[in-house]
Amino acid sequence: MFNLILFGPPGSGKGTQSEKLVDKYGLVHLSTGNLLREEIKSETPLGLEAKKFIDKGQLVPDEVVIGMVDSYFDKHKDARGFLFDGFPRTVAQAEALDKLLELKKNGIAAVLALEVGEEELIARLLNRGKTSGRSDDTDEAVIRKRFSVYSQETSPVAEHYRKQDKFHSIKGEGSVDAIFDALSSAIDDRLNVNS
Ligand code: B4P
């Protein structure tokens, strides 16, 4: 199994690049943001609970997200690898993921972090908000709250993987294709190390 994490602040391009990467490398895409939005759309109890947090720019509680990831694994037992997009977002989630993968005698091959400046991120998210219908993208105050949550709760996840020597920074500004090429070459380097 070859498992990757795509890491970075809100709007850094994780969703955009994930779609291209899963195609190229034959991985299963696990986006906790997408899974949560599906739950909200279907008005499940989990979705109704998650919406309260997402609308305020806060993280959904760890136990909810970890439970959702665990059941996604159960539905994809034959996967040759996963691309984790927007997960883990806290150190507790990273530790839970390490444990879940250990049970499968597996681990994370690499963490690729998209680096983008804050003003560019705000412009991208407000622009997406015009068409996406996502309530968390239309209000600049909510977007800024998401950045402060990112710096307090999600940034420490980088250190968790730096200690494991798995963390790679990638410039996330420029054309989608140029960023995809940079991500692909970092992944290919890692695949060569693993093969
Ligand atoms: P997510 O769905 O993960 O969304 P995101 O961080 O906003 O976006 P992403 O980085 O994927 O941006 P994208 O490619 O779309 O999370 C939403 C919410 O769900 C969170 O705030 C949280 O509340 C909750 N949640 C999710 N996972 C959780 C977890 N594990 N634990 C707790 N809570 C969780 O790009 C953004 C825009 O930029 C797009 O419009 C795109 O077209 C544009 N763009 C992309 N690349 C570009 C480029 N190179 N140049 C110009 N524009 C570009």
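Odds and ends about this structure:
- Residue in the stretch 3-18 that is crowded, with 18+ Cβ neighbours inside 10 Å, of a type in the set (S, T, N, Q) and more than 12 Å from the ligand (Cβ to nearest atom) present: yes
- One residue from V64, V60, V91 being modelled with pLDDT of 95 or more and in contact with a Phe, Trp or Tyr (Cβ under 8 Å, 6 or more places away or on another chain): V60
- Tally, over the stretch 92-143, of residues that are more than 17 Å from the chain's Cα centre (by Cα) and open to solvent by 80 Å² or more (accessible area, probe 1.4 Å): 12
- Tabulated pairs, the stretch 104-116, first of a type outside the set (V, I, T), second part of a loop (DSSP other than H, G, I, E, B) and surrounded by fewer than 19 Cβ atoms within 10 Å (Cβ to Cβ), C-beta under 6 angstrom, 6+ apart or interchain: N106/M1; A110/K166
- Answer residue from the stretch 40-56, given it is in contact (Cβ under 8 Å) with a residue 12 or more places away in the chain and more than 6 Å from the ligand (Cβ to nearest atom) and is least open to solvent (accessible area, probe 1.4 Å) among those: A50
The values are calculated or read from the model by the stated rules, or taken from the named source; none is laboratory data. Keep in mind that what you see is a predicted model, and the values were worked out from it rather than measured. Here Cβ is always computed from backbone atoms with ideal geometry, including for glycine, and neighbour counts include all displayed protein chains. These area figures cover heavy atoms from the full protein model, side chains too; ligands, DNA and RNA do not enter into them. Shrake-Rupley method; radii C 1.70, N 1.55, O 1.52, S 1.80 Å.
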